[in-house]
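Peer 1: Encoded as structure tokens, here's the structure I'll be asking about.
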Amino acid sequence: MKDKYICPSLLSVAKEKRIEVADQLLKMGIKWIHYDIMDNKFVNNKAIEIEEYVEIIKSTSSHLSDVHLMVKDPFIYAEEFKKYATCMTIHFEALTRDKILEFVQKYQELTWIGLAIKPGTSFEEIKDIIHHFEVILVMSVEPGFGGQKFIDYSIDKIKLISNFIKQNKLSTLIQVDGGINDLNAKKVFNSGANALVCGSYLINNLNEKTLKKLL
């Protein structure tokens, strides 16, 4: 599964419109939707709640649902999300290494497990545990809010992770989240990314022409 994917985020969509927009995206050919989950502790914001997530999943056609847990204690959230999620992504900065590996061991037979890293977290800090994950999520903005500008030095980090994955013959996918638009998508894909999370730019220009530009 090394194709290129655009993973829309519903973060900037009004709550009452999220099912409608998700359905529209899937009809446009989207295979993978990114769901932002926040606890107002790890980041100073709240986004989609478990009840809303379940409603969206049950109200739309089958798709890869990627749950990005921007929370201090992902174990609490995982018990509910594991029933529906294709992938649960936790933050490197939220847990100790032992707890990260405990989470992997506990849930990896149920869903893919992703590891997200903030802009300030380096490749060197995670390279010894990359092999445990199906997805590495490189945050190219600070997590918590949509509409931020892409951080350019993220490209170097993506290249390092991509080279490591190739050298070690891993099947791990690289996902990139933050500030993605038609001006930088190609560069991010070319740096080694497999999946780009796109929120504000795509939602504000929601049509097939925009998707083609991003791909």
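Peer 1: Would you work out the charge dipole size for region 118-179 about its Cα centre, treating the Cβ of every Lys and Arg as +1 and the Cβ of every Asp and Glu as -1, and quote it to the nearest 20 debye?
Peer 2: So the magnitude is around 180 debye.
Peer 1: Between LYS41 and GLU80, with labels modelled 7 Å along Cα→Cβ, what's the label distance in nm to one decimal, could you check?
Peer 2: Between LYS41 and GLU80, the simple spin-label model gives 1.4 nm.
Peer 1: Given H placed on each backbone N at 1.01 Å, which residues far from HIS91 in sequence or on other chains put an amide H within less than 5 Å of it?
Peer 2: HN-HN under 5 Å from HIS91: VAL71, ALA116.
Peer 1: Please list, in order along region 76-93, the HN-Hα scalar couplings obtained from phi with the Karplus expression 6.51 cos²θ - 1.76 cosθ + 1.60 (θ = phi - 60°), rounded to whole Hz, x for Gly and Pro.
Peer 2: Computed from phi, the couplings for region 76-93 are 5, 6, 4, 4, 8, 6, 4, 6, 10, 6, 7, 9, 10, 10, 10, 9, 4, 7 Hz.
Peer 1: Starting from the Cα gyration tensor of region 1-59, take the square roots of the eigenvalues, sort them a ≥ b ≥ c, and report rounded, prolate or oblate (rounded when a/c is under 1.5, otherwise prolate if a/b is larger than b/c, else oblate).
Peer 2: oblate
Peer 1: So what's the net charge close to ALA47: Lys and Arg +1, Asp and Glu -1, counting the other residues with Cβ under 11 Å from its Cβ?
Peer 2: Charge balance in the 11 Å sphere: -1.
Peer 1: In addition: Which residue, chosen from MET70, ILE57, GLN167, occupies the Cα position most advanced towards the positive end of the dipole of the chain, where the dipole is computed from +1 (Lys, Arg) and -1 (Asp, Glu) charges on Cβ about the Cα centre?
Peer 2: GLN167
Taken together, the values in this text are just the output of simple stated rules run on the coordinates, not laboratory data. If you're wondering where the values come from, they're calculated on a predicted model, not measured in any experiment. Neighbour counts run over all protein chains shown; Cβ positions are idealised from the backbone, glycine included.
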